[in-house]
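Below is one structure; the comments refer to it alone.
Every read-out reported here was derived from the displayed coordinates using simple, explicitly stated rules and does not represent laboratory data. Computed from a predicted structure; not experimentally measured. Cβ placement follows ideal geometry from the backbone for every residue including glycine, while neighbour counts extend to all protein chains displayed.
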Amino acid sequence: MSGDVQLLQIGSFTEEFNKRLTETYKVHRLWEQESPDDYLKEVGPEVDIVVTSGRYGCSADIMRAAPKLKAIVSFGVGYDPIDIDTARELNIAVSNTPDVLNDCVADLAMGLLISSARRIAEGDRFVRAGKWGSEPFPLGAKVSGKRLGILGLGRIGKCIAQRANGFGMEIHYHNRRQDPSVDYGYEETPADLATWADFLIVTCVGGPSTQGLVSREVMEALGPQGTLINVSRGSVVDQPAMVELLESGRLGSAALDVFADEPNVPSALLEMPQVVLVPHIASGTHETRKQMQDLVFDNLDSFIASGKLVTPVL
């Protein structure tokens, strides 16, 4: 049946993924087209399934250009760039790839926390610049036993908490609702959590509901000794306020995997030694990307065979 199904691939993935997809299904590759809009008019009426990711999303215009569209299969856990309201209106199923990336995202979050506190990235630059032995290197901050606030204690947040337990950290969290399955301290607001914490890790979902959730007020509450770590979405943090507070010293430091307008990073951040920057690599390991890829194909195969997704979000 897969030969009868036509897919629209929004953007390019790995060479292996692209090859496997085109060898298995009939695929229309939107990102290669000189005029995507004209191409959509041509092939849209034949498209049954869209394959996309948290980077590329799927707009209402694309959905409406494909009247046969029944499913959007996304590579990645975040699906905020997909117009969920339109998908719901048009009765289009949506899937993502949860759980398989939890460990690697949690690993990176703790790595960013330690790198920031112990000045690992800064120390690397210091040694490479030949400064060791000619000038003192500033002291870092202890991690063990400190207070960790987790904003969004979902699957990934709980994996981070498990790792932080190994460092003897005290853990509090904020969710929209208190989670009765955990014994960690609960804070009523993000600002309350930031006031309490030494380190604040952001792991909540992206999208309109969390736009700017880490506000100026929250970052000021975290304060000049606090560290902000974001492995969620750049949209969750008020980025201009963050830059201003870091520049003025009212926010101590930051370690960031995500940004508001990727791949563009504010130039001011590039000059700050107290900021660790990485290029959205939380799930970027061979093992995790392979599992994510396999889950995309599991969702495709299941939907084609039964009309049901393995990991539906809608």
For a quick check, take a GNM of the chain with Cα springs below 10 Å and name the residue from GLU46, GLU89, GLU244 with the largest mean-square fluctuation. GLU89
Taking the Cα centre of each part, how many Å lie between segment 216-257 and segment 42-63? 35
Residues ILE304, ILE120, ILE10, sorted so that the one with the fewest Cβ neighbours within 10 Å comes first: ILE120, ILE304, ILE10
How big is the C-alpha Rg of segment 102-277 next to the rule-of-thumb value 2.2 N^0.38 Å, as a ratio? 1.00
Can you check how the C-alpha radius of gyration of segment 236-278 compares to 2.2 N^0.38 Å, as a plain ratio? 1.03
Spherically averaged projected area of segment 69-138 from its Cα convex hull (nm²): 7.3
Test of understanding: in a Gaussian network model of the chain with alpha carbons linked when under 10 Å, which of LYS142, LYS158, LYS26 would top the mean-square fluctuation ranking? LYS142
Segment 102-277, relative contact order in percent, only Cα pairs under 8 angstrom and at least six apart counted: 21
List the residue ranges in the chain for DSSP H helices whose C-alpha atoms run 18 angstrom or more along the long axis and whose Kyte-Doolittle average is 0.0 or above. 102-117
The chain: most fluctuating residue of ALA71, ALA109, ALA241 per GNM, C-alpha cutoff 10 Å: ALA241
So what is the 222 nm mean residue ellipticity for the chain from helices alone, if each DSSP H run of at least 4 adds -39500 (n - 2.57) and you divide by all residues, rounding to the nearest 500 deg cm²/dmol? -10500 deg cm²/dmol
